[in-house]
Amino acid sequence: MKLIRGKGRRAGIISVSSVALPLVLGAALSVLLYPTHGRGVSRLAFALFIGVSMSVTAFPVLARILTERNMHFTPLGVLALACAAVDDILAWSLLAVTTAVATGSDQTQLARVALESLVFVAFMLRAVRPVLRRLLVWYERVGRLTPDMLAVVLVGLLLSAWATDRIGIHFIFGAFIFGAAMPREGAAALSRDILDRLEQVAVLLLLPIFFVTTGLKVDVRALDVTDLGELALILLVACTAKFFGAAGAARALGLRSRTAAAIGVLMNTRGLTELVVLNVGFERGILDRSLLTMLVIMAVVTTVITEPALRAVYPDRLVERDVAQVERNRLAALTSFRVLVVVDDLHRARPPLDLGVDIVDGHAPAEVVLSHFRPSPIDRAELGSGLAAELADMATRLEELQTLAAVVERRGVPAAVLSGFSVDVRNDVIEQAARLRPDVLIIGPGDHASRVGWRPDLLDGAAGKLVIVRSGDPGADLAGQGPVVVVTEGGQDADATLALAAHVARSRGTELRLVNGGRRRRPRRLLTLASRLTDAGLGCTVEMVADAREVLTPGSGLIFLEARGEMALSAVTMGTVLLVRAAPDAPDDELDAAITHLRVGGLTCRPAPALDALG
């Protein structure tokens, strides 16, 4: 429903058109097919079913194609998903009507099936849904999905399916309505846990059985020349009716030709949903074996050709343009200073995000962009509820990201959220940084930091400064409880490291410790810098140590290291540090600019009382 909001009129018109035209042309085609394949079933039920089989769009397959091409958050992708969602509802409703017509031997029985179906739906939504909400309360109290909770869901699912089977429509509608009655608000974690449990049985056992039993009903070798002619007609009607129904409506609504054609191609996706529909028709006696075989071939062909056809009408360059435009729109406000924070583990996202806010502090206009990628293997096809589990997990992560963004905004800093699936996280981080061109890129602790941290030079030119958070201690101090420590060897990244550290120390009101990282080097330059920083209102000390690794221990404060220095090699195992790398074209005078920035406006430093002795 959230997809449809704001796009209701456009999505509704396209969906109705993409269902109506195949329904009408499918019913017309049934006139030719009925004499051969319609024995034992009413003409109305047969015509309705052929029309419905032409009208189906597989929402899961369409969603998978869009996510793999990174189109799911572009205007085209969102509109296609919204259209498919409406199409899904229309197709299942029409299928329910069709099965009712096929079951009812006369008008009285048809009226009974319709009345009992309405009563059942009302009972599920009015009486059962409030009871299922208590399941969410139970889940939140326990903190996990217990076998008892799963038993409640499975028993309710089976009872609901049994009820609709007794009514006379089909057991799949009972399962569908039970799913619609499950709690939604705040239930993302519960839904994900249920899907994770059921997916093992569904994907590893039930889905293969379903495909095997469907395949056993199909007999391609039994098709004769007449059947091949009918198959050609079925393919022609299925492809053209769905395409022109969706694309024609989209074009009439003012969409560009390529966009309209892409929607027409996407709505032709049938996939597993079509196979379920065909099995319902076969079980109800509406389809015979030869017609089932032809319609299964149609379902496979239309699904297989969708992605290559989509690439033909909407090539990758247009997708890249749309993705870039979406991200520009999300970050539409003119921003002179931007910090991009890429996080992997959302439970450890707050410290690097706070660091980003501290770096932004004092710059205006400025913003913090919070980015998160969910790894998704490219070779995963549409398997049972697998996509649903991924989307439920993404919904949960987006909710957590929005909560984190709200924390940033409460500190008076504009925040934006970017999230999506990724096959190659490292390359996607690099591409995102190249598009957004942040002044500072922070890669939080976790797998992302490990992947990108191996080759920080990969980000040369994509960001002004790269900060990689390396943490051997999940509870390590990034939140400002202690001094800001800079271990410098006077390398290429020294000025960038010192500038960032000075800004963070000023923002947090804490002391800056400059540690000489070279045993034989005299800290004359550091003493000069410390004097300048102190004059600018920042408490600063300089230390000489026999081995700079002495400061790389948990609890020693927020530690900044030069990414190109030798010390960076020890950063992985030495507590929590921030590796700083400047872009090759970074200005040489940025440290002077940072010191000047400290003086502007009479800024003062408020060191923590416990650090006064060190001052």
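Any read-out appearing in this document is the output of simple, stated calculations on the displayed coordinates, not a laboratory observation. For clarity, every value in this text was computed on a predicted model and none was experimentally measured. Every residue, glycine among them, receives a Cβ derived from its backbone with ideal geometry; neighbour counts consider all protein chains shown.
Cα centroid distance between the range 224-279 and the range 345-372, in Å?
Value for the Cα centre distance between the two parts: 46 Å.
When ranked by the protection proxy of mean other Cβ atoms within 10 Å per residue, highest first, what sequence do the peptides 269-281, 338-350 form?
Numbers: 269-281: 24.0, 338-350: 21.5.
Answer by packing, highest mean first, reads 269-281, 338-350.
Among residues other than Gly186 whose Cβ falls under 11 Å from its Cβ, what is the net charge (Lys/Arg +1, Asp/Glu -1)?
On the way: positive: Arg133, Arg184; negative: Glu140, Glu185, Glu399.
Neighbourhood net charge equals -1.
Once the piece of chain linking Val142 and Leu236 is laid out straight, how much longer is it, given 0.36 nm per residue of separation minus the C-alpha distance between them? All intermediate terms of the calculation are to be shown ahead of the outcome.
On the way: separation 94, 0.36 × 94 = 33.84 nm, distance 5.47 nm.
Roughly 28.4 nm would be gained on extension.
Hey, fewest Cβ within 10 Å first, where do Thr103, Thr98 land in order?
Thr103, Thr98
Going by C-beta contacts inside 10 Å, put Asp88, Asp106 in order with the fewest on the left.
Details: Asp88 18, Asp106 8.
Fewest-to-most Cβ neighbours within 10 Å comes out as Asp106, Asp88.
If packing is taken as the average count of other Cβ atoms within 10 Å, what order do 228-234, 74-80, 44-50 fall into, highest mean first?
Ranked by mean Cβ neighbours within 10 Å, highest first: 44-50, 74-80, 228-234.
Counting other Cβ atoms within 10 Å, which GluC sites (Glu not before Pro) in the range 96-190 have at most 16 and lie in a DSSP loop?
Here the sparse-neighbourhood loop sites are Glu185.
Treat every Asp and Glu Cβ in the range 73-209 as -1 and every Lys and Arg Cβ as +1, leave all other atoms uncharged, and give the resulting dipole magnitude about the Cα centre to the nearest 20 debye.
Dipole of the range 73-209, to the nearest 20 debye: 420 debye.
What is the fewest-to-most order of His372, His37 by other Cβ atoms lying within 10 Å of their Cβ?
His37, His372
Efficiency by 1/(1 + (r/R0)^6): what FRET value for Val119 and Asp224, r their Cβ-Cβ distance, R0 = 51 Å, to the nearest 0.05?
0.65
Want the number for Leu157 to Arg256: 0.36 nm per residue separation, take away the alpha-carbon distance, what's left?
31.3 nm
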